[in-house]
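Undergrad: Sharing a structure here in structure tokens format.
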Amino acid sequence: DSGVTQTPKHLITATGQRVTLRCSPRSGDLSVYWYQQSLDQGLQFLIQYYNGEERAKGNILERFSAQQFPDLHSELNLSSLELGDSALYFCASSAGIGTSGINEQFFGPGTRLTVL
Amino acid sequence: AQTVTQSQPEMSVQEAETVTLSCTYDTSESDYYLFWYKQPPSRQMILVIRQEAYKQQNATENRFSVNFQKAAKSFSLKISDSQLGDAAMYFCAYRVVGNEKLTFGTGTRLTIIP
């Protein structure tokens with residue numbers, strides 16, 4: 001158990017809908033990262049937040065947005081869902097930012113999103 | 001752009017034998033980190049081993065070791081005395097120092113033959 005929690009574990013929805021994925025980082029971690037893993041693919045970095053502020057952005061679609069709240073949990077919002085958005089969405093957390101050592105990222109168990 | 005290539009989509013090894021998974025990467029950076037992650041059927045991403053690019057000595061974690069060749073931009077993972085629990089997808093990943101983004105390869109599926 002990495003200490004990172006994600007809810008829900010599974011989510012099934014229809015095209016055009018909107019969903020929210022939730023992540024709680026390890027106790028004390030200030031950085032939260034979101035990754036997308038499509039079928040049989042590696043993970044693609046979406047976005048990172050550090051202490052409530054957006055820190056880095058990857059290949060995140062405009063239909064997707066995220067935020068980190070004062071209690072440091074994060075939510076990833078996916079809207080106007082398409083079949084191709086079906087994937088495993090991982091949240092990871094780390095203590096700080098990259099300038100402070102290796103800053104290992106610890107991954108949550110993921111949320112499996114199925115768009116029908 | 002940085003890329004990570006894992007040229008072996010699938011590998012298999014007999015239990016108790018040794019297997020090596022390949023990874024190459026492309027970067028113009030000189031200071032970076034390299035990682036191997038394991039993803040068992042549970043889907044959990046588990047860090048297996050990490051290497052700082054400035055360190056010449058290859059990292060070792062119990063039965064797992066790496067062969068880091070900086071000039072060749074190669075970072076292979078050797079698993080010794082393979083066990084059934086080692087069966088998983090293995091992902092090689094790269095991160096530039098000062099940048100939070102992890103760049104992953106497409107993975108190698110490792111099967112352990114009893």
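The values are calculated or read from the model by the stated rules, or taken from the named source; none is laboratory data. Nothing here was measured: the structure is a model prediction, and the numbers come from that model. Virtual Cβ from ideal backbone geometry, glycine too; neighbours counted across all protein chains shown. Areas reflect the complete protein model, heavy atoms only, side chains present, ligands, DNA and RNA absent. Shrake-Rupley method; radii C 1.70, N 1.55, O 1.52, S 1.80 Å.
Undergrad: Quick one: how many residues across region B:93-107 are open to solvent by less than 10 Å² (accessible area, probe 1.4 Å) and not basic (Lys, Arg)?
TA: Number of matching residues: 6.
Undergrad: For region A:81-90, indicate whether the set of residues that are at the interface with another protein chain (Cβ under 10 Å from one of its Cβ atoms), within 29 Å of B:Asp31 (Cα to Cα) and open to solvent by less than 40 Å² (accessible area, probe 1.4 Å) is non-empty.
TA: Yes: one or more hits.
Undergrad: Restricting attention to region B:57-64, does a residue exist that is in contact with a Gly (Cβ under 6 Å, 6 or more places away or on another chain) and at positive phi?
TA: no
Undergrad: Mind counting the residues in region A:59-73 that are within 14 Å of chain B (Cβ to nearest Cβ) and exposed (fewer than 13 other Cβ atoms within 10 Å of the Cβ)?
TA: Going through region A:59-73 one residue at a time, the tally reaches 1.
Yes or no, residue by residue, for (1) under 15 Å from the mean Cα position of the chain (by Cα); (2) without any contact (Cβ under 8 Å) to a residue 60 or more places away in the chain:
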{"residue": "B:Gln8", "(1), (2)": "yes, no"}
{"residue": "B:Ser12", "(1), (2)": "no, no"}
{"residue": "B:Ser30", "(1), (2)": "no, yes"}
{"residue": "B:Gln39", "(1), (2)": "yes, no"}
{"residue": "B:Ile46", "(1), (2)": "yes, yes"}
{"residue": "B:Lys70", "(1), (2)": "yes, yes"}
{"residue": "B:Lys73", "(1), (2)": "yes, yes"}
{"residue": "B:Gln83", "(1), (2)": "no, no"}
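Undergrad: Please work out if A:Phe64 is touching a residue at least 60 places away in the same chain (Cβ under 8 Å) and in contact with a Leu (Cβ under 8 Å, 6 or more places away or on another chain).
TA: no
Undergrad: Can I ask one more? Check off (1) of a type in the set (Ser, Thr, Tyr); (2) within 14 Å of chain A (Cβ to nearest Cβ); (3) exposed (fewer than 13 other Cβ atoms within 10 Å of the Cβ) for B:Tyr90 and give me the number that stays unchecked.
TA: B:Tyr90 satisfies all of (1) of a type in the set (Ser, Thr, Tyr); (2) within 14 Å of chain A (Cβ to nearest Cβ); (3) exposed (fewer than 13 other Cβ atoms within 10 Å of the Cβ) except (3).
Undergrad: Then there's this: From the list B:Lys101, B:Lys73, which one is more than 11 Å from chain A (Cβ to nearest Cβ) and of a type outside the set (Asp, Glu)?
TA: B:Lys73
Undergrad: Taking the conditions exactly as written (more than 14 Å from chain B (Cβ to nearest Cβ), open to solvent by less than 10 Å² (accessible area, probe 1.4 Å), closer than 12 Å to A:Gln17 by Cα and at pLDDT 95 or above), does A:Leu76 satisfy them or not?
TA: No; evaluated as a whole, the condition is false for this residue.
Undergrad: Looking at region B:2-53 only, could you name the residues that are more than 19 Å from A:Val4 (Cβ to Cβ), within 13 Å of chain A (Cβ to nearest Cβ) and among the charged types (D, E, K, R)?
TA: Those that are more than 19 Å from A:Val4 (Cβ to Cβ), within 13 Å of chain A (Cβ to nearest Cβ) and among the charged types (D, E, K, R): B:Glu10, B:Glu29, B:Asp31, B:Glu52.
Undergrad: Among the strands (runs of 3 or more DSSP E) contained in region A:2-58, which hold 2 or more residues that are within 13 Å of another protein chain (Cβ to nearest Cβ) and surrounded by 13 or more Cβ atoms within 10 Å (Cβ to Cβ)? Reasoning before the result, please.
TA: On the way: elements: A:5-7, A:10-13, A:19-24, A:31-37, A:43-50, A:53-57.
Here the list reads A:5-7, A:31-37, A:43-50, A:53-57.
Undergrad: Output the number of the condition that B:Ile112 fails; it satisfies all remaining conditions of (1) within 13 Å of the chain's Cα centre (by Cα); (2) more than 11 Å from chain A (Cβ to nearest Cβ); (3) surrounded by 16 or more Cβ atoms within 10 Å (Cβ to Cβ).
TA: Status for B:Ile112: all satisfied but (1).
Undergrad: Out of region B:94-114, which residues are touching a helix residue (DSSP H, G or I) at 6+ places or on another chain (Cβ under 8 Å) and closer than 15 Å to B:Ile49 by Cβ?
TA: B:Leu110
Undergrad: Looking at B:Arg109, B:Arg63, B:Arg50, B:Arg95 in this structure, which one is within 17 Å of A:Tyr35 (Cα to Cα) and of a type in the set (Lys, Arg)?
TA: Every option except B:Arg95 fails the conditions.
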